[in-house]
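Working notes, structure below.
The values are calculated or read from the model by the stated rules, or taken from the named source; none is laboratory data. Quick caveat, the model's predicted, so the values are computed rather than measured. Cβ atoms come from the backbone with ideal geometry, glycine included; neighbour counts cover every protein chain shown.
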Amino acid sequence: MQQRGLFFFIGTEAELIKLFPVMQELGDRKVPYRIIASGQNDLKKSAVLRALNGGKVDLELSDEKSIRKTAAGLLGWYAATWRKARAQLVRTFGAETLHGSVMVVHGDTVSTMMGAYLGRKLGMQVAHVEAGLRSHNWFNPFPEEIDRVLTSRKATLHFAPGQEAVANLHGVKGRVVDTVYNTIIDSLAYSRRMPCENPAVQAQCDGPAYFVFVMHRQENLANKKLVEAMVQRIVDQTKTMRCVMILHKPTEVTLTQMGLLEALRANPRIVLLPRVEYFDFMKLLQGAEFVITDGGSNQEELAYMGKPCLIMRDRTERTDGLGENARLYGGDLQAVDDFVKAYARYRRDPVTPAQSPAARIAQELQACVEE
């Protein structure tokens, strides 16, 4: 029996978080795989990768420190990495090993698209995890929608989380597998078994009631009126409940430029935390009364938790939780006010899957490399 190679092409920690349980399943099945890091994020710093294999990647194509944190900087990084990536892969693994093997990509980042196109250039099969999500608007969210569509055109095996995602893949080449749930539900289950490592997070979880606020997407931060309006609403809400605000680097830069950061730091009812490692962040979300976020993965995680959630987006490609635990902001600040006043109405029971999506994906990938 011929054994094909199995390669995970990962760019961001968000991709790693959702692929982590698939790789765990493969490890349990004694199916070998290799990890290729595009360098979009420094995966070796991730607690998730340390939990998986001690923080090892088999090939790193670039260094995150070289990427300027702008759209132009990301585009320049993509072009430079793409030019040398094919030769690096062939030099490291060998053209014969790569040809016919399986390249696994995830989601909707520029690294997703890079991995899919590299895989096909090298004669590999391309498996796309979290395939079929669509906003049906090429420029919202940008560039994620473009990344998803173009990746689907290169994939030969599509793992779609649910019937709507499956329907969106009508007419694509290759095989579509309905995983029913997103693999984040497996990651979330694992996080519950992990002890909290960050004392600042544990202090919030053990303290009085709080809500979590996360706003880091460029389309939101570029809207200064929105930033001012949301900061004012957060400050107003802290009169009755503490706020834990996650300061992603772009958020910190924007708040500093707008002269808002120092006042937030001085507010004793607001706790500002830098970006928190995934396992600890899940504990922070689980302990919150409600969450206001513009993160797509947060929408999925909170839907599975049954936690009240306001999504700070005009549109979303995900249906998880909508009309149940989650409400879409949709560009209307009144929606923010209404949600905060009645967040308790959005509480739901947590979701327990009948089958692990990661186990289903691992089973299919194992069949691909052993056939």
task: Among the residues of the stretch 339-358, write down those that are within 16 Å of THR240 (Cβ to Cβ) and not small (Gly, Ala, Ser).
output: PHE339, VAL340, LYS341, TYR343
Selected residue [under 17 Å from TYR78 (Cα atoms), assigned by TED's automatic domain parsing to the domain that holds SER101, buried (at least 24 other Cβ atoms within 10 Å of the Cβ) and in contact (Cβ under 8 Å) with a residue 12 or more places away in the chain] from GLY39, GLY11: GLY11
- line: THR256 fails exactly one of (1) under 30 Å from ALA51 (Cβ atoms); (2) surrounded by fewer than 19 Cβ atoms within 10 Å (Cβ to Cβ); (3) of a type in the set (Ser, Thr, Tyr), namely (1)
Residue among THR179, THR109 that is in contact with a Phe, Trp or Tyr (Cβ under 7 Å, 6 or more places away or on another chain), under 30 Å from ARG315 (Cα atoms) and in contact (Cβ under 8 Å) with a residue 12 or more places away in the chain: THR179
query: Is the stretch 108-126 home to any residue that is part of a loop (DSSP other than H, G, I, E, B), closer than 29 Å to GLN163 by Cα and of a type outside the set (Ser, Thr, Tyr)?
result: yes
query: Which one of the conditions (1) in contact (Cβ under 8 Å) with a residue 24 or more places away in the chain; (2) out of contact with any Cys (no Cβ under 8 Å at 6 or more places or on another chain) does LEU328 fail to meet, given that it meets all the rest?
result: (1)
- prompt: On the given criteria, is ARG193 among the charged types (D, E, K, R), at pLDDT 95 or above and surrounded by fewer than 18 Cβ atoms within 10 Å (Cβ to Cβ)?
  reply: no
field: Whichever residue in the stretch 225-253 is loosely packed, with under 12 Cβ neighbours inside 10 Å and of a type outside the set (S, T, N, Q) and, among such residues, is farthest from VAL271 (Cα to Cα)
entry: LYS225
message: Looking at the stretch 345-366 only, could you name the residues that are of a type in the set (A, V, I, L, M) and either within 19 Å of LEU188 (Cβ to Cβ) or not assigned by TED's automatic domain parsing to the domain that holds GLU145 (or both)?
response: VAL351, ALA354, ALA358, ALA359, ILE361, ALA362
query: Looking at VAL126, is it under 16 Å from LEU6 (Cβ atoms) and either out of contact with any Phe, Trp or Tyr (no Cβ under 9 Å at 6 or more places or on another chain) or crowded, with 21+ Cβ neighbours inside 10 Å (or both)?
result: yes
task: Search the stretch 14-36 for residues being in contact (Cβ under 8 Å) with a residue 24 or more places away in the chain and basic (Lys, Arg), and hand back the single one that is farthest from GLY119 (Cα to Cα).
output: ARG29
